[in-house]
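Each remark here refers to the structure printed beneath this line.
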Amino acid sequence: MEKGIFKGYAAKKLIFSLALLLVLVAVSESIAAEFRSFSENSHEMVEINTNRADSGYAPKLIRYGHISTLKGRFPEGSVSFSSRLDSIMKRGGFSVPVRVILTDESYPTVSGMKIIRGSYFNSSALTYGRNVAVISRELAERLFMSIDAIGNEVTLFDESYVIVGLYEPSKTLLSLLGSYGAEVVYVPFTSYLESGNLTVDTVSIHDRKLGEAVFKQYQVGDILRKELRVQAEAYRIIDYYGSDTIVSQWLGLFLFLVALAVFFMLLGIAGRVLGQMRDFFCAGLKRDYLPGFIRKQSVPVFIFTGKLLGLVGLSVLLIIYARPRIFIPTQYLPPDNIFDFGFYWEKIKEAIQMSNAMAGYIPTPLEHCFHASSSVGFILLLLMIPAFISLISAMKLLKSLVYPIKRFILLFLLSIILALAVLILLWASGLIYPAISVKGMAILELFCIVYFLRKYPAGGQSGSDSPSGNG
């Protein structure tokens, strides 16, 4: 009776531990995939964002007139710019606080905006300063009680603006973490009456030549100082080289550690096969010479050799398949000695001082997405570790209780079904980006199979000690 209670507890623990682990791996991959969807060819991109905590002397900041110079500097690429203002949008008796993004026609390609009605404004709207606006579906429903808002007028900056497009705001976890807490409205930069005196907050530059440049930040800083003649220190220059790798490396590191555990288990099985092969040869050579023994026992010898080579080959291929992509920016690596702890301590102090100096700093949407993706990925890694330990303890308990392998397969399938049900709910809610880690699922499945099949206790489906057994 007591043994049955332990079996029931261990079975439930395995189901929930494995399901939780599968969900965490899938969510981690979804977070990384969402960032990659925003940052295609991120190694060719640089953003210039104002540091509002240290904006400096206003006449020495970037303005609309400087944009043409930047576009001339990167003729084969694209340059997008924007500024932020808080205002009130009115229609009839309704008044809604909004954050207005004054920008250009290229902004949707930078932000990944999804237009669901009408269209985004074009370059002529920017050239002639037309009073047109793009608002969210939710704001349209609040102001007009319907999403049929195209062509209607609203009041913004005490001017009349025509709604030309509706966008669907993202509801994913990353979007919620970076939410302004107010409705966001997009209008042409030049539609603002005082746009000539308005400084540009953010400039996004996407150019193939930047992907080939080594020191992008220094290169862009020189352009700001020498060609635009603005105060480069008042801006933060963000280089996204390696950002997609940084976001994905936490999941990659976890999967590599799991693959490493499988690697050593496979080598352990290979060691036992090698031991059986040695005993088999020693017993045979007592009765016959080596050539005659190999001729008589060619089939068992072939099976032994195939199993040994297969296990070693699978181990090597697994490590190659699971090897993580790790990227550490060069400024965080000691120039001479990797164990220079004084260097790391100085970098920690610099990060703290920079964080204190950045009070009031507003990151760009892509910058926020990068930092949020990295942070959430690290938190998910911290959650995967105890879930993995719980899974191992459940499997260890089931093995000690001589749990049949057929029932283990059933538990494994139930875990997958439970994980898929949770993921479908998360995808349907729009909370996470629809993506799944095939590599992660394959490595976790292989770990469970190898863990249970290696040296399974008697009473389960144990392997035979004969050459044709499972080793």
Within the stretch 266-305, residues outside any helix (DSSP H, G or I), among the basic types (Lys, Arg) and either out of contact with any helix residue (DSSP H, G or I) (no Cβ under 8 Å at 6 or more places or on another chain) or touching a residue at least 60 places away in the same chain (Cβ under 8 Å) (or both) come out as Lys286
Please work out which one of (1) in contact with a helix residue (DSSP H, G or I) (Cβ under 9 Å, 6 or more places away or on another chain); (2) in contact (Cβ under 8 Å) with a residue 12 or more places away in the chain is the condition Val402 fails and give its number.
-> (1)
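What tally of residues in the stretch 212-229 results from selecting those that are outside any loop (DSSP other than H, G, I, E, B) and in contact (Cβ under 8 Å) with a residue 40 or more places away in the chain?
Looking only at that region, the number is 6.
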Look at Ile320 and say whether it is at pLDDT below 85 and either aliphatic (A, V, I, L, M) or outside any helix (DSSP H, G or I) (or both).
-> no
Residue by residue through the stretch 230-265, note down the ones that are free of Cβ contacts under 8 Å to residues at least 40 places away in the same chain and farther than 27 Å from Ile319 by Cβ.
-> Ala232
Could you please give the count of residues in the stretch 156-174 that are outside any loop (DSSP other than H, G, I, E, B) and surrounded by fewer than 18 Cβ atoms within 10 Å (Cβ to Cβ)?
-> 3
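Considering only the stretch 18-37, I want to know if a residue exists there that is touching a residue at least 12 places away in the same chain (Cβ under 8 Å), under 21 Å from Thr103 (Cβ atoms) and not polar (S, T, N, Q).
No: the stretch 18-37 contains no residue that is touching a residue at least 12 places away in the same chain (Cβ under 8 Å), under 21 Å from Thr103 (Cβ atoms) and not polar (S, T, N, Q).
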State the number of residues belonging to the stretch 386-413 that are surrounded by fewer than 17 Cβ atoms within 10 Å (Cβ to Cβ), more than 11 Å from Ser17 (Cα to Cα) and under 34 Å from the mean Cα position of the chain (by Cα).
-> 4
Selection from the stretch 8-48 of residues that are over 27 Å from Leu381 (Cβ atoms) and out of contact with any helix residue (DSSP H, G or I) (no Cβ under 7 Å at 6 or more places or on another chain) | Gly8, Tyr9
Within the stretch 175-189, of all residues that are more than 13 Å from Val98 (Cβ to Cβ) and out of contact with any Ser or Thr (no Cβ under 7 Å at 6 or more places or on another chain), the one surrounded by the most Cβ atoms within 10 Å (Cβ to Cβ) is Pro188
Enumeration of residues in the stretch 205-262 that are within 20 Å of Phe327 (Cβ to Cβ) and of a type in the set (Gly, Ala, Ser) | Gly211, Ala213, Gly242, Ser243, Ser248, Gly252, Ala259
Within the stretch 386-428, which residues are under 15 Å from Phe452 (Cβ atoms) and among the hydroxyl-bearing types (Ser, Thr, Tyr)?
-> Ser393, Ser400, Tyr403, Ser415
Filtering the stretch 126-155 down to residues that are surrounded by fewer than 18 Cβ atoms within 10 Å (Cβ to Cβ), of a type outside the set (A, V, I, L, M, F, W, C) and under 35 Å from the mean Cα position of the chain (by Cα) yields Arg137, Glu138, Glu141, Arg142
If you scan the stretch 3-38, which residues turn out to be over 17 Å from Gly252 (Cβ atoms) and of a type in the set (S, T, N, Q)?
-> Ser17, Ser37
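To keep it simple, each residue is scored yes or no on (1) at pLDDT below 85; (2) surrounded by 12 or more Cβ atoms within 10 Å (Cβ to Cβ); (3) in the same structural domain as Ala234 (by TED's automatic domain parsing); (4) on the phi > 0 side of the Ramachandran plot.
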{"site": "Pro324", "(1), (2), (3), (4)": "yes, yes, no, no"}
{"site": "Asn337", "(1), (2), (3), (4)": "yes, no, no, no"}
{"site": "Gly342", "(1), (2), (3), (4)": "yes, no, no, no"}
{"site": "Lys347", "(1), (2), (3), (4)": "yes, yes, no, no"}
{"site": "Ile352", "(1), (2), (3), (4)": "yes, no, no, no"}
{"site": "Glu367", "(1), (2), (3), (4)": "no, yes, no, no"}
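Scan the stretch 189-207 for residues that are closer than 18 Å to Thr69 by Cα, part of a helix (DSSP H, G or I) and in contact with a Gly (Cβ under 7 Å, 6 or more places away or on another chain) and report the count. Please lay out each step first, then the result.
Our first condition is that a residue be closer than 18 Å to Thr69 by Cα; within the stretch 189-207, this holds for 189-190, 195-207.
Pick out the ones that are also part of a helix (DSSP H, G or I) and you get 189-190, 195-197.
When the remaining residues are screened for being in contact with a Gly (Cβ under 7 Å, 6 or more places away or on another chain), the result is 190.
Residues meeting the conditions: 1.
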Counting only helices (runs of 4 or more DSSP H) entirely within the stretch 1-112, those with at least 3 residues that are crowded, with 20+ Cβ neighbours inside 10 Å, of a type in the set (A, V, I, L, M) and in the same structural domain as Leu426 (by TED's automatic domain parsing) are 2-38
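The values are calculated or read from the model by the stated rules, or taken from the named source; none is laboratory data. Just so we're clear, the structure is a prediction, and the values are computed from it rather than from any experiment. Cβ: placed from backbone, ideal geometry, glycine included. Neighbour counts: every protein chain shown.
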